[in-house]
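Comments concern the structure below.
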């Protein structure tokens with residue numbers, strides 16, 4: 001498994017474990033599209049993202065990688081206030097899960113959540129939903145080739 005894959009899998013695992021204690025718990029997915037129906041706890045999707053920077057470190061040759069993933073959160077509710085309350089609670093829990101273990105169990109050197117962006121969306125069968133996307137930057141080092 002590559003260092004990038006290890007880092008993203010650790011982020012997904014950390015969020016799935018941390019958010020499982022919520023009632024109702026959101027569905028935490030990785031790299032999937034949002035299902036037609038949004039469960040009461042919401043949906044959290046971890047997207048693979050892209051490598052932002054690769055910096056060589058000499059002697060011995062290694063690469064410092066900065067990889068940016070995106071965590072997408074979608075919630076539904078009967079009222080705008082209910083949607084906003086659930087979305088805010090999930091944003092706080094996600095940030096706490098990441099900042100509570102910045103190395104994601106040793107998979108990365110540092111994980112940093114960014115500022116969320118918001119949008120209102122409509123789904124079939126739901127009057128309205130609220131969505132947010134949080135960029136999460138992962139820093140890690142790989143020996144030899146940056147593709148390792």
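Derivation of every value follows stated rules applied to the coordinates shown; laboratory data play no part. Note that the structure is predicted; figures quoted are calculated from it, not measured. Cβ placement follows ideal geometry from the backbone for every residue including glycine, while neighbour counts extend to all protein chains displayed.
Structure data summary
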quantity: Degrees, to the nearest 10: 80-99 long Cα axis against longest axis of the chain; calculated: 20
quantity: Pairwise label distance in nanometres, residue 2 with residue 34, each label 7 Å out on the Cα-Cβ vector; calculated: 2.8
quantity: The chain: antiparallel DSSP beta bridges as a percent of all, rounded to 5; calculated: 90
quantity: Part-to-part distance (alpha-carbon centres) for segment 96-123 and segment 1-79, which is given in Å; calculated: 7
quantity: Within segment 35-54, backbone nitrogen closer than 16 Å to the virtual label 7 Å beyond the Cα of residue 20 toward Cβ; calculated: 44
quantity: Kirkwood Rh, angstrom, segment 65-135 [1 / mean 1/r, Cα pairs]; calculated: 13.3
quantity: Option label - semi-axes √(5λ) of the Cα gyration tensor in Å computed here, alternatives [x] 24, 17, 14; [y] 28, 20, 16; [z] 32, 14, 12; calculated: [z]
quantity: Helix-only CD estimate at 222 nm, as mean residue ellipticity for the chain, using -39500 (n - 2.57) per DSSP H run (n ≥ 4); calculated: -8500 deg cm²/dmol
